[in-house]
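What follows is a set of notes on a single structure, which appears directly below.
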Amino acid sequence: YRHKYGLSPFPVNPANKNPFGPWAEYQTDQITEDELRRQFGERPNAMIGIPTGERYRTLVIDCDTPEGYEAVQELLPDSIVMPVARTPRGGWHLYFRYPTGSGITIGSGLMPGVDFRGTGGYIIAPPSVKGNGKAYRWEDGLALGEVEPGTVPEPLKKIISLYIGAGGA
């Protein structure tokens, strides 16, 4: 993730999805090669955390339920293609290009079963394996690197803006 995509991966505990240590610095400064090797070398079973937000041009919509996924799909044009990861609990992570200057942070309950991760947030990336042995995986043909993150469609951006404006983030 660091070399191919310019992201700043850090180790996350597979038991509770919490970072093993401080990670806020990676929101603004990319992890060094030495630090990356040291941190993951000390925790070979760690999951891969990826900071989201403006610095890394990444906004992730996290759909935890089929109903949430369908609600988001209704806001997307049929022609959009983006990286999509499946979560161990049957959810989806939809990767978008972060809208520059939007100020989108993090929030839960955007819609039932839908959260979002922008500046100040992180997601767990494939091929991370949770403590229960279940893995995050890319949808066939929709891995980061196979397709580029999509532009956030206006209807989805509007709902996020309304949510933030209402004090939801």
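The values are calculated or read from the model by the stated rules, or taken from the named source; none is laboratory data. Owing to the predicted nature of the structure, the values given are computational and were not obtained by experimental measurement. Positions of Cβ are backbone-derived with ideal geometry, glycine not excepted, and every protein chain shown enters the neighbour counts. In case anyone asks, the SASA skips ligands and DNA or RNA and just uses the protein heavy atoms, side chains included. Shrake-Rupley method; radii C 1.70, N 1.55, O 1.52, S 1.80 Å.
State the Cα centre-to-centre distance between the stretch 89-151 and the stretch 9-34 in whole Å.
Centre-to-centre (Cα) distance: 16 Å.
Which log10 I(q)/I(0) values, to two decimals, does the stretch 81-169 give at q = 0.11, 0.13 Å⁻¹ under the Debye formula with one point per Cα?
After summing over all Cα pairs, the log10 values are -0.33, -0.46.
May I ask you to give the average projected area over all directions of the convex hull of the Cα atoms of the stretch 6-83, in nm² rounded to one decimal?
6.7 nm²
How do the peptides 128-139, 62-73 rank, highest first, by the average count of neighbouring beta carbon atoms within 10 Å per residue?
Ranked by mean Cβ neighbours within 10 Å, highest first: 62-73, 128-139.
Calculate the FRET efficiency for GLU33 and TYR5 from the Cβ-Cβ distance with a Förster distance of 22 Å, rounded to the nearest 0.05.
The pair GLU33/TYR5 has a calculated efficiency of 0.90.
If you wrap a convex hull around the alpha carbons of the chain, what volume per residue comes out, as a whole number of Å³?
For the chain, the hull spanned by Cα atoms encloses 111 Å³ per residue.
Rounded to the nearest 5, what % of DSSP beta bridges with both residues in the stretch 23-155 are antiparallel?
Beta bridges within the stretch 23-155, antiparallel portion: roughly 90 percent.
Place the peptides 38-45, 112-119 in order of packing, highest mean first, counting for every residue the other Cβ atoms within 10 Å and averaging per peptide.
Final packing ranking: 112-119, 38-45.
Can you return the lysines within cross-link range of LYS158? Criterion is Cα-Cα under 30 Å, with same-chain partners fewer than 8 residues away left out.
Answer for LYS158, where 30 Å is the Cα cut-off: LYS17, listed by chain and number.
Give, in whole angstrom and from largest to smallest, the semi-axes √(5λ) of the equivalent ellipsoid of the stretch 102-152, with λ running over the eigenvalues of the Cα gyration tensor.
22, 17, 11
Helix-only mean residue ellipticity at 222 nm, the chain, DSSP H runs n ≥ 4 weighted -39,500 (n - 2.57), per residue, nearest 500. What is it?
Result for the chain: -5500 deg cm²/dmol, rounded to the nearest 500.
State the percentage of accessible surface on the stretch 46-163 attributable to carbon and sulfur atoms; use a 1.4 Å probe and exclude ligands, DNA and RNA.
52 percent
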